[in-house]
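The values are calculated or read from the model by the stated rules, or taken from the named source; none is laboratory data. It should be emphasised that the depicted structure is a prediction, and the values quoted were computed from it without experimental measurement. No Cβ is skipped: glycine too gets one built from the backbone with ideal geometry, and neighbour counts run over all protein chains shown.
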Amino acid sequence: MIEVQDLRKQYGGRLAVADVSFRVAEGEIFGVLGPNGAGKTTTVECIAGLRVGDAGSVRVAGLDPWTDRAGVTRVLGVQLQESRLQPKLRVAEAVELYASFYADPADGHELLTRLGLADHLDQAYGRLSGGQQQRLAVALALVGRPRVVILDELTTGLDPRARREVWDLVREVRSSGVTVLLVTHSMEEAEHLCDRIAIIDGGHVVALDTPAGLAGRPDGGRAAAGRADRGSADGAEVTAAAATAVVMSFVPDGTLATDALRTLPGATGVRREDDRVVLTGDDATVLAALDHLRAAGVRPGHLRVAEPGTRRRSLDEAYLSLTGGRATATAATDASRGRTR
């Protein structure tokens with residue numbers, strides 16, 4: 001649904017995006033992370049057609065946003081980090097106005113209710129709190145029933161409860177077939193929502209993987225990661241030591257007989273950690289466990305090599321490692337950087 005190939009964008013003598021390429025599948029929630037000035041917002045603005053790249057190409061649902069803005073507008077919804085409406089425009093009026101741009105809009109009142117704005121229909125935009133303005137921007141991005149939606153700093157200014165409610169809405173939107181491009185500084189948000197993440201730094205994509213795949217990359221070690229195809233279990237992950245031991249964890253469901261894992265060759269233990277089953281053993285256990293999962297209809301992914309008992313890195317740690325230790329900054333700081341992000 002989104003294809004970015006060799007994108008390059010320069011402002012005067014400053015190269016904002018040097019070489020960015022990625023593809024986003026239909027119905028995927030795809031995250032974009034990176035430090036301030038990394039090129040995230042410039043990339044997103046080029047995808048939305050708000051800027052034209054100096055080189056490379058972009059396609060949204062097969063359309064060129066640089067030459068067919070009208071066509072892209074019909075399939076793309078956008079909630080920008082910094083967006084403003086006329087201060088006296090009321091909430092209900094704003095949604096009604098945006099709905100009028102589309103042939104088959106969504107139910108605006110239902111959207112506002114879902115986003116916690118049903119009690120503010122007659123309130124002027126200028127009197128809304130920052131978090132309420134943010135939720136209204138999300139409603140306006142979704143009212144046209146887009147096939148693709150860009151959400152930039154989705155939950156800035158929201159309290160934890162409101163943030164979770166918006167996350168639930170994004171999942172519902174995705175379940176209806178909408179493709180979501182999510183720009184965020186929140187590692188928690190990325191882990192909870194994103195199927196895959198692109199980390200952009202210095203105008204380049206420095207990593208592209210699932211959240212678990214990024215966190216599971218051992219420093220300096222061999223690693224191969226991929227999504228797990230759902231069968232009888234969901235979210236399988238394998239961690240193997242070089243020759244002597246293996247720790248294998250996955251999320252079972254009711255149809256997977258975990259007791260059978262205890263009888264696998266070389267198995268030395270099976271235990272539960274939160275919602276996961278963890279199997280320890282040797283190399284023979286890995287092969288036998290893979291055969292067992294395959295027979296159960298599960299294809300495990302996220303294969304990584306590490307010493308037994310090695311602590312799995314968090315996404316924050318993986319991010320800092322990939323970006324040279326430069327942490328993400330607040331949305332307010334990012335906004336102050338303006339067009340060069």
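Some notes on this structure:
- Residue in segment 147-159 that is modelled with pLDDT under 90 and on the phi > 0 side of the Ramachandran plot present: yes
- Of all residues making up segment 153-174, the number that are in a helix (DSSP H, G or I) and over 22 Å from Phe30 (Cβ atoms): 3
- Qualifying residue in segment 47-63 (condition: closer than 15 Å to Arg145 by Cα and in a helix (DSSP H, G or I)): no
- Qualifying residue in segment 93-110 (condition: of a type in the set (Phe, Trp, Tyr), within 25 Å of the chain's Cα centre (by Cα) and assigned to a loop (DSSP other than H, G, I, E, B)): no
- A single entry from Asp64, Asp104 fulfils the requirement of being at pLDDT below 95 and charged (D, E, K, R): Asp104.
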